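The values are calculated or read from the model by the stated rules, or taken from the named source; none is laboratory data. Since the model is a prediction, treat every value here as computed from it, not as a measurement. Because the Cβ atoms are built from the backbone with ideal geometry, glycine has one as well, and the counts that use them run over all protein chains shown.
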Amino acid sequence: MDAPFFLSSAERVIDSILTATKYYGLGEHLDSLSCKRCIIVGNGGILFNKSLGSRIDEYDVVVRLNEAPVKGYGKDVGTKTTIRITYPEGAIQKSDNYEKDSLFVFSAFKPLDFKWLRQMVFKEKLRGTEGFWKSVAHYVPREPTEMRILNPYFIQEAAFQFIGLPLNNGLMGKGNIPTLGTVAITMALHNCDEVAVAGFGYDMNTPHAPLHYYETVKMSAIKESWTHNISKEKEFLRKLVKANIITDMTNGI
């Protein structure tokens, strides 16, 4: 099967990015570990007031998603960030909010995303933003060697093999895009010896509960999502938890 959502059309742009980013691993220390313990920290409101920060920081690799903040929330979500996975519309927009030493890992869902990344890697002036569904970051305070492209295979595997979303002729569209959290878990299953998650799970029975730990948007907002199939994802993640393939630290799945 081709790269998901016809990302193969962006090959030339990807090649130019990879000549600058150069590296593929997590860094010498982490790459040398014989047993990698990883945790994917979701953005769910379920993390609020759980005081799991110190337990999260004990993991070798702490993966965070999009613009989920650490500053001011350390007691609940920890302070360590090894990897921050994001896409243009989800990337942190204020340079001050980036951690000093985390890897910027880019997950693309459409060819335009790679054009944005190229501008970020080469520190070019941002242009051509018409195809994004919300505002995007104009600058990413990272050297090219601190940036990575997430293998698009993980998106494809999460969507079509694991969750069982409709192929839709390879086109990105209604109900066939996996959430970034599930993509991150898929990546971890390939690269880590032990995988835990925290902050995952949408409880539709509590529509007024906070959707994310860092803002006041309510749980009911997720029902308006046309891109994801939340119930099918939950089904897949529950199987992983029941089979003890992943550990759910907040018991939200």
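Structural remarks
- Qualifying positions in segment 81-102 - among the basic types (Lys, Arg) and either in a helix (DSSP H, G or I) or crowded, with 22+ Cβ neighbours inside 10 Å (or both): 84
- Residues located in segment 195-253, provided they are among the β-branched types (Val, Ile, Thr) and modelled with pLDDT of 85 or more: 195, 197, 216, 217, 241, 245, 246, 247, 250, 253
- The sole residue among 51, 95, 32 that is of a type in the set (S, T, N, Q) and at pLDDT 95 or above is 51.
- Per this entry, residue 188 is counted among residues that are at pLDDT 95 or above, of a type in the set (A, V, I, L, M) and either touching a Leu at 6+ places or on another chain (Cβ under 9 Å) or surrounded by 20 or more Cβ atoms within 10 Å (Cβ to Cβ) (or both).
- Among the conditions (1) in contact (Cβ under 8 Å) with a residue 24 or more places away in the chain; (2) charged (D, E, K, R); (3) more than 24 Å from residue 194 (Cα to Cα), residue 55 misses just one, which is (3).
- Look at segment 98-113: where a residue is within 19 Å of residue 72 (Cβ to Cβ) and a partner is of a type outside the set (D, E, K, R) and not in a loop (DSSP other than H, G, I, E, B), sitting 6+ places away or on another chain with Cβ atoms under 9 Å, you get 98/104; 102/62; 102/83.
- Apart from one condition, residue 12 fits all of (1) in a helix (DSSP H, G or I); (2) under 24 Å from residue 186 (Cβ atoms); the exception is (2).
- Flag: residue 115 does not match the condition of being farther than 21 Å from residue 21 by Cβ, outside any loop (DSSP other than H, G, I, E, B) and over 18 Å from the mean Cα position of the chain (by Cα).
- Criterion applied to 63, 105 was being part of a strand (DSSP E or B), closer than 26 Å to residue 190 by Cβ and touching a Cys at 6+ places or on another chain (Cβ under 8 Å), and the one residue passing it is 63.
- Against the list (1) under 21 Å from residue 20 (Cα atoms); (2) within 19 Å of the chain's Cα centre (by Cα), the condition residue 124 fails is (2).
- Taken across segment 138-148, residues that are more than 19 Å from residue 21 (Cβ to Cβ), among the hydroxyl-bearing types (Ser, Thr, Tyr) and assigned to a loop (DSSP other than H, G, I, E, B) do not occur at all.
To keep it simple, each residue is scored yes or no on (1) within 26 Å of residue 178 (Cα to Cα); (2) without any contact (Cβ under 8 Å) to a residue 12 or more places away in the chain.
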position: 25; (1), (2): yes, yes
position: 35; (1), (2): no, no
position: 60; (1), (2): yes, no
position: 64; (1), (2): yes, no
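- Residues of segment 105-160 that are under 29 Å from residue 232 (Cα atoms) and either aromatic (Phe, Trp, Tyr) or touching a His at 6+ places or on another chain (Cβ under 9 Å) (or both): 106, 109, 114, 132, 133, 151, 153, 154, 157, 160.
- Restricting segment 137-156 to residues that are free of Cβ contacts under 8 Å to residues at least 60 places away in the same chain and surrounded by 20 or more Cβ atoms within 10 Å (Cβ to Cβ), the residue that is nearest to residue 228 (Cα to Cα) is 154.
- Pairs, first within 23 Å of residue 78 (Cβ to Cβ) in segment 199-211, second crowded, with 18+ Cβ neighbours inside 10 Å and modelled with pLDDT under 85, C-beta under 7 Å, six or more apart: 202/219; 203/219; 209/219; 211/219
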